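Colleague: Dumping the structure here so I can ask a few things about it.
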Amino acid sequence: MKKTLLTFVSILVFNLITNAQVTEQAQDSVGLAAVVAEQQAQALELKEQKRMEKEVKNAEKAQKKAEKAQKKAEKEVKKREKLMDDIKSKRKSIAKDEKKLMKMREKMQLDKFKGKLSPNDVTKMNKKIDNLRSGLVKDIEKLRKLERKQ
């Protein structure tokens, strides 16, 4: 009887120990499932966060492109305005030089007619007129170049 009682008690203890382990495993598997679910939720949240960051970066990129295009357009407008101002300025300069050239020629002819100019003075005046005329020709060429750019 001692042997049976001892075997029975040992079987009972063995069953209690294994049942305790099974319930711990069941609790562990429930806890493990919760941890896995939490990790999956964090992974999804991380993916969503990365997607949002990517969208923000793409939006910023598009905004920068738009700003760059706008700056380029503004720069082009300024360039055209500057070109128009340069053309206007060059035309004004040419008109001024032509008037100056005409006045010098008239003055030389008038002084020559009155007999106030020596041959030396005539050559000096002719040199001034030639220099002015060559500057005028250069200005006209510059004006043509500017008008071609327009």
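Colleague: Aliphatic (A, V, I, L, M), within 30 Å of Gln150 (Cα to Cα) and either surrounded by 10 or more Cβ atoms within 10 Å (Cβ to Cβ) or more than 28 Å from the chain's Cα centre (by Cα) (or both), is that true of Ala66? Spell out the reasoning first.
Modeller: Working: aliphatic (A, V, I, L, M): yes; within 30 Å of Gln150 (Cα to Cα): yes; either surrounded by 10 or more Cβ atoms within 10 Å (Cβ to Cβ) or more than 28 Å from the chain's Cα centre (by Cα) (or both): yes.
Yes: the conditions hold for Ala66.
Colleague: Here's another thing I want to ask about it. From Gln42, Gln109, Gln70, grab the single residue that is of a type in the set (S, T, N, Q) and modelled with pLDDT of 95 or more. Spell out the reasoning first.
Modeller: On the way: Gln42 fails: modelled with pLDDT of 95 or more; Gln109 fails: modelled with pLDDT of 95 or more.
Answer to the check: Gln70.
Colleague: For the stretch 97-150, enumerate the residues that are within 30 Å of Arg80 (Cβ to Cβ) and touching a Leu at 6+ places or on another chain (Cβ under 7 Å).
Modeller: Let us first name the residues in the stretch 97-150 that are within 30 Å of Arg80 (Cβ to Cβ), namely 97-99, 135-150.
Result: Asp97, Glu98, Leu136, Leu146, Lys149, Gln150.
Colleague: Another question, if that's okay. Would you confirm whether any residue within the stretch 67-81 is of a type outside the set (Lys, Arg), part of a helix (DSSP H, G or I) and in contact with a helix residue (DSSP H, G or I) (Cβ under 8 Å, 6 or more places away or on another chain)? Walk me through how you get there before you give the answer.
Modeller: The first filter runs over the stretch 67-81 and keeps only residues of a type outside the set (Lys, Arg), leaving 67, 69-70, 73-74, 76-77, 81.
Add one more test, that the residue is part of a helix (DSSP H, G or I), and what stays is 67, 69-70, 73-74, 76-77, 81.
Of the ones still in play, those that are also in contact with a helix residue (DSSP H, G or I) (Cβ under 8 Å, 6 or more places away or on another chain) are none.
No.
Colleague: Only residues that are hydrophobic (A, V, I, L, M, F, W, C) and touching a helix residue (DSSP H, G or I) at 6+ places or on another chain (Cβ under 6 Å): list them for the stretch 84-123, please.
Modeller: Residues of the stretch 84-123 hydrophobic (A, V, I, L, M, F, W, C): 84, 87, 94-95, 101-102, 104, 108, 110, 113, 117, 122.
Listed by number, the residues that qualify are Ile87, Ile94, Leu101, Met104, Met108, Leu117.
The values are calculated or read from the model by the stated rules, or taken from the named source; none is laboratory data. Keep in mind it's a predicted model, so treat the numbers as computed, not measured. As a convention, Cβ positions derive from the backbone with ideal geometry for all residues, glycine included, and neighbour counts pool all protein chains shown.
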